[in-house]
Amino acid sequence: QVQLVESGGGWVQPGGSLRLSCARSGSVWPYDVLGWYRQAPGKQREPVATMSSGGVPDYVDSVKGRFTISRDNAKNTVTLQMNNLKPEDTAVYFCHVLRFDNQWWGQGTQVTVSS
């Protein structure tokens, strides 16, 4: 089992920045695919950013150029730097781990972008 604990959510005005962090514990494996998903009210959960074990990132088009995902295998963390936030980025953000056919989720952290 993998335990995931997110931190760093909150409220920010449009154009602002937030940094989300996710700490992994339990059965940690360096080849896991790590990622961040989000779910806005009334919408399906969607992938925001993922990073392979080799450090290759992938982003949904709506956040490209604004969000940056990074991982530190030594510290067992994955972070999401979010810049130039927009109201449409408002959602609950979830840390995610994928290992072959298994996956684990964090409890989620709220991000609210409004003026």
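The values are calculated or read from the model by the stated rules, or taken from the named source; none is laboratory data. Since this is a predicted model, take the numbers as computed values, not measurements. Glycine also receives a Cβ, built like all others from the backbone with ideal geometry; neighbour counts cover every protein chain displayed. These accessible areas exclude ligands, DNA and RNA; they are computed on the full protein's heavy atoms, side chains included. Shrake-Rupley method; radii C 1.70, N 1.55, O 1.52, S 1.80 Å.
Overview of values
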read-out	value
Count - residues of the range 19-46 that are within 13 Å of the chain's Cα centre (by Cα), in contact (Cβ under 8 Å) with a residue 40 or more places away in the chain and under 15 Å from Gly108 (Cα atoms)	13
Every pair of residues 6+ apart whose Cβ atoms lie under 8 Å, when the first sits in the range 77-91 and is touching a residue at least 24 places away in the same chain (Cβ under 8 Å) while the second is of a type in the set (Ser, Thr, Tyr) and in a helix (DSSP H, G or I)	Glu88/Ser62
Residue count, the range 69-112 (criterion: modelled with pLDDT of 95 or more and outside any strand (DSSP E or B))	11
Candidate set from the range 9-34 (those that are modelled with pLDDT of 95 or more and among the hydroxyl-bearing types (Ser, Thr, Tyr)); member that is least open to solvent (accessible area, probe 1.4 Å)	Ser21
Residue tally, condition of a type in the set (A, V, I, L, M, F, W, C) and either part of a loop (DSSP other than H, G, I, E, B) or open to solvent by 40 Å² or more (accessible area, probe 1.4 Å) (or both), over the range 46-62	2
Qualifying residues in the range 74-115 (those that are among the hydrophobic types (A, V, I, L, M, F, W, C) and out of contact with any Leu (no Cβ under 9 Å at 6 or more places or on another chain)) - the one farthest from Val28 (Cα to Cα)	Ala91
Lys43 among the charged types (D, E, K, R), outside any strand (DSSP E or B), open to solvent by 50 Å² or more (accessible area, probe 1.4 Å) and over 27 Å from Gly15 (Cβ atoms)	no
